[in-house]
């Protein structure tokens, strides 16, 4: 008898892996809620109060499907970016949009280029559609555009992934550097420019790219600066042909009514975003101070997290992380050497950082012993 | 120069079609909001007030990702259905879950069996992954299990789709009839049993299926009876091996914090669901009365809509539909002959049905002239 269902060859070969373990899983295992949730680069400063009010109002209307064309939000985003609504695709977070993009472009054996240690969920999608990942190392703590280009010219990938600012290292390149790459990428390769953290980066980090440029797609999100990770709204900016292609595969009703209302109100409240930028700035400085007070080395950050060099190898950093987790502080760390010498701490409010500062000395002592 | 991006052969060949046009698109085209929204089988009776309160509270917490394991909701659903949490997959509506299921099982050229005129979004996914749709006609106004089985034995499909109750006709089979099919489906075929409307159907419509049966996956939703179409939460009940396979491809953070909180509260309020069932029952009777008063034939319904036979051909039913839409009543109709002799009207509250009753005579007169 045949085993049912009969999976596709790709699905049958896939591991049941998960890109990220949620903090709730750890909480259930330990039986203790975290005292500070500083591991997933969520915004402890929250979304705009106006966005909260808009979501609460929309909860009354949730019996209705969301507009499948996401008309209002797409037009508002277009006005915000000085493009047309035909350049904007809204989806279920950047994760969802990356999945659709990979599905549109990557088939079995197709080459894709990324950096070793960059966003694992992108890799999850590429592997999930049978693509072949080709990786370059970072250059120090930076993604290395030159190495990405060099490898791309060798393997002629469908997609080249680059996050700017970078996660998990928090580093960034000037937007002009990224834009200048476009003339040098191989014919037929698409640059996937993940700008999830760009609202929190220094002026000039967003790449100045012509809206109709067919060689690049930019990914943005309401999860980070706008503080709505649990709402699941991301968007892509791309040439109209590519933007329209998402209609071939996307879940047309996938961005619901509460999600659209919340994102629209958040976008309209740029004062709140400016306020968040200030708080992130202060929090980065506070995390750096806490790190230095404990003999650790904070890396410069253009994001809402600070990556901290623990000064030894991956085993030591993992011990520090485990000791922090055991003391109720949720943090994460880079997966790949040599970056796994670091731990990654999201910007927090005063209470969360006080909790961190309170236990870090003991965590370090325990990790060293 | 190569056109960028280079799409997969499947993606390049796909039409940019959309399974359903949203009512907002029509409203933008006409410049008029609908007076009654009776086309998408949304629940005008709304979700449980407790679910609204839970979503409003969760809006405060939306800076946090939702639990990627959807632990609480999966366990609550398991208790509700008398299965284990390992039998439950929660996803972005049935639409999202159907997409994952098709991706897991259907590759280029793989056969899939469904009924001609059944759920178009399922077909959208099958076509989108390169599958080959094989269709049987309905038998009268019913999906025809015997015909589905007969065709399945000829083409040995990966999937056999059957909705019970059916959309768009509103008909149903006893659950025991569906369960009895399982012993006769071809070796290696999976029955996709879409029970989106089952909470609104007569007692005994839900198929009595053993939780570990590997030959079937059942789809359920919070969009219909629970009244939260705009929240995007559906779930599947399947044998643990198949349920776990979704982890290979799903958007792990795709069901957000507000969505999980709303669904959990809705599930807990079965009194509200009973209240909705009563209102749906009364509304079905009211729609049937309105239809008869206008010389039309309402079909029996096990759902939250009534399909009305307009007594002539598809062109006439479409004229009736267009005349209703022009008068501010959003309704839809079956896509395929001979069912396109009908229009489909969702259960509404008194105001919506009064609006319908007020304009139907004029709409019919206009369609006839």
So what is the relative contact order of the stretch B:1-114, in percent, for Cα pairs below 8 Å that sit 6 or more residues apart? 9 percent
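So what's the back-of-envelope 222 nm ellipticity for chain A, counting only DSSP H runs of four-plus at -39500 (n - 2.57) apiece and dividing by all residues, rounded to 500?
Numbers: 13 runs with 149 residues, N = 369.
Calculated from helices alone, the mean residue ellipticity at 222 nm is -12500 deg cm²/dmol.
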Take every DSSP beta bridge whose two residues both sit in the stretch B:60-268, then give the antiparallel share in percent to the nearest 5. 35 percent
Which residue of chain A is nearest the rotation axis onto chain B, counting by its Cβ, and what is the distance in whole Å? A:56, 2
Would you mind listing the distances between the residue B:15 label point and the same position in each other copy? Use 7 Å along Cα-to-C-beta, nm, one decimal, shortest first. 4.2
Does the stretch A:269-369 classify as rounded, prolate or oblate by the C-alpha gyration tensor (a ≥ b ≥ c root eigenvalues; a/c under 1.5 gives rounded; else a/b over b/c gives prolate, otherwise oblate)? prolate
Each residue of A:178-191 has, on average, a number of other protein chain C-beta atoms within 10 Å of its C-beta equal to 2
One decimal, nm, shortest first: give the distances between the label point of residue B:57 and those of the same position in the other copies, each label point 7 Å from Cα along Cα→Cβ. 2.4
Once R0 is set to 60 Å, what does the formula 1/(1 + (r/R0)^6) return for the Cβ-Cβ distance between residue B:212 and residue A:81, expressed as a FRET efficiency to the nearest 0.05? 0.75
The Cα extents of the stretch B:60-268 along the principal axes, largest first and rounded to whole Å, are 53, 38, 29
Mind jotting down the three principal axis lengths of the stretch B:1-55 based on Cα atoms? Whole angstrom, largest first. 57, 33, 17
Using only the Cα atoms of the stretch B:96-181, what are the Rg and Dmax in Å? 12.4, 34
Simple spin-label estimate for residue B:336 and residue B:3 in nanometres, 7 Å along Cα-Cβ: 3.1 nm
Mean other chain Cβ within 10 Å across A:23-34 is 2
Using alpha carbon centers only, the stretch A:307-369 is separated from the stretch A:108-130 by a whole-angstrom value of 28 Å
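In Å, the Kirkwood hydrodynamic radius of the stretch B:279-321 over pairs of distinct alpha carbons? Show your work: numbers first, answer last.
Numbers: mean 1/r = 0.0928 Å⁻¹.
Evaluated over the stretch B:279-321, this radius sits at 10.8 Å.
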What distance in nm separates the simple spin-label points at residue A:349 and residue B:315, each placed 7 Å from Cα in the Cβ direction? 6.6 nm
Once you have a ≥ b ≥ c as the square roots of the Cα gyration tensor eigenvalues for chain B, tell me rounded if a/c is under 1.5, and otherwise prolate or oblate according to whether a/b is larger than b/c. rounded
What is the distance in Å between the Cα centroid of the stretch A:1-78 and that of the stretch B:145-164? 34 Å
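Sequence gap at least 6, Cα distance under 8 Å: using those rules, report the relative contact order of the stretch A:51-268 to the nearest whole percent. Numbers along the way, then the final one.
Values: 421 pairs, mean separation 64.8, N = 218.
Result for the stretch A:51-268 is 30 percent.
Once you average over the residues of A:7-18, how many Cβ atoms of partner chains fall within 10 Å of each Cβ?
Mean shielding by partner chains, rounded to a whole number: 5.
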Taking all pairs of distinct alpha-carbon atoms in the protein assembly as shown, Kirkwood radius in angstrom: 26.8 Å
Cα extents of the stretch B:41-87 per principal axis, largest first, Å, are 30, 30, 19
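Is the shape of the stretch B:204-278 rounded, prolate or oblate, going by the alpha carbon gyration tensor and its root eigenvalues a ≥ b ≥ c, with a/c under 1.5 for rounded and a/b larger than b/c for prolate? Spell out each step's value before the answer.
Details: a/c = 2.66, a/b = 1.22, b/c = 2.19.
Cα axes put the stretch B:204-278 in the oblate bin.
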Between copies, how far apart are the residue A:300 label points? List them in nm, one decimal, shortest first, with each point 7 Å from Cα toward Cβ, please? 7.5
Sequence-separation-based contact order of chain B, relative, with Cα cut under 8 Å and 6+ spacing, percent: 24 percent
Going 7 Å from the Cα of residue A:289 along its beta-carbon direction, which residues of the stretch A:318-360 have the amide nitrogen within less than 20 Å of the resulting point? A:345-360
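Rule-based calculations on the coordinates, nothing more; no lab input. Model, not experiment: these values are computed from the prediction. Using ideal geometry, Cβ is built from the backbone for each residue, glycine included, and neighbour counts are taken over all protein chains shown.
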